[in-house]
1. From the gyration tensor of the Cα coordinates in the range 1-157, what semi-axes in whole Å does the equivalent ellipsoid have, largest first, with each one equal to sqrt(5λ)?
2. What part of the accessible area of the chain, given as a whole %, is carbon or sulfur when the probe is 1.4 angstrom?
3. Long-range amide H contacts for Asn25: which residues qualify at under 5 Å (H placed 1.01 Å from N, peptide plane, sequence gap of 5 or more or a different chain)?
4. Over the chain, with the other protein chains present, what is the accessible area per residue in square angstrom, probe 1.4 angstrom?
5. Could you list, bin by bin from short to long, the percent of Cα-Cα pairs of the range 1-55 in 10 Å steps?
6. How big is D for the range 73-224, in µm² s⁻¹ as a whole number, if Stokes-Einstein is applied with the Kirkwood radius of its Cα pairs at 20 °C and 1.002 mPa s?
Amino acid sequence: MRFAQVVQGLSHTRDLLRPIIQVDNVLVDEARNTLTWRNRISGIVKNVYYPIEYQHLIDNRQYSFLLTDGSFLQFFYEFEGLKKPKSVRLALYPPPVSVSATTEELLEAADEALDRQDDHLYEHLYNWVELMEAKSVHPTNTSHVRFDFDSSVKVHEKAHLQFGAITELRVGADFIPQPIAFVELVASLINGLGPLAGLGLRHAKNNCGDLNAVSRLISIRKSA
């Protein structure tokens, strides 16, 4: 995988998403061999209720593409030179979706938590019941999906798929995807996305970042 191939892959992704892009915030920094977004703030917002995390990132324009359904995508690739990926972050943040649970169902779950002496879950559920009754506010069951790669990491998989900020769950991969390949992965979560086919996907398949590692759960290798 080369820096120029990633930039070309981003161009294919933009063409695919063009009908549903609200804001294009992509920044290609050729001096630093980096594909990013304007005014990028590094790091992950952890231990924060998802709607707060989502709104914080929207307010600070922490996205590559903001889409018409309110979701947004992040594409970050940093290279050492022109041929060696150093750090990658690909993420989809869907808009928060309210759960359909009733106050009665939450109270029942809270009572069960209390019976198990799970005071933390009991207080969490009971507080939500009070909010639902007082302000008609419902909790959400949504979080983000992201793919990370860090060439220097030693304590876990260098390349992995992750859900939200749950650091205990990483699904290892033996390659680094092009932007449009990540879009293909999360396509079912994006409203209004057209069919994925043609030049962009062929480019993504032919120019992925093969890590030459033992096959992981997410793999580009064919079975023998």
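The values are calculated or read from the model by the stated rules, or taken from the named source; none is laboratory data. All figures in this text were calculated on a predicted structure; none of them were measured in a lab. Just the protein is used for accessible areas: all its heavy atoms, side chains included, with ligands, DNA and RNA removed. Shrake-Rupley method; radii C 1.70, N 1.55, O 1.52, S 1.80 Å.
1. Details: eigenvalues 304, 74, 27 Å².
Semi-axes (√(5λ), whole Å): 39, 19, 12.
2. Details: 6340 of 12500 Å².
Taking all protein chains in place, the chain shows 51 percent carbon and sulfur surface.
3. Residues meeting the criterion, in which the H sits 1.01 Å from N, are Phe65, Leu66.
4. Numbers: 12500 Å² over 224 residues.
Ligands and nucleic acids excluded, the result is 56 Å² per residue.
5. Pair shares across the bins are 19, 38, 33, 10.
6. On the way: Rh = 18.5 Å.
Answer, rounded: 116 µm²/s.
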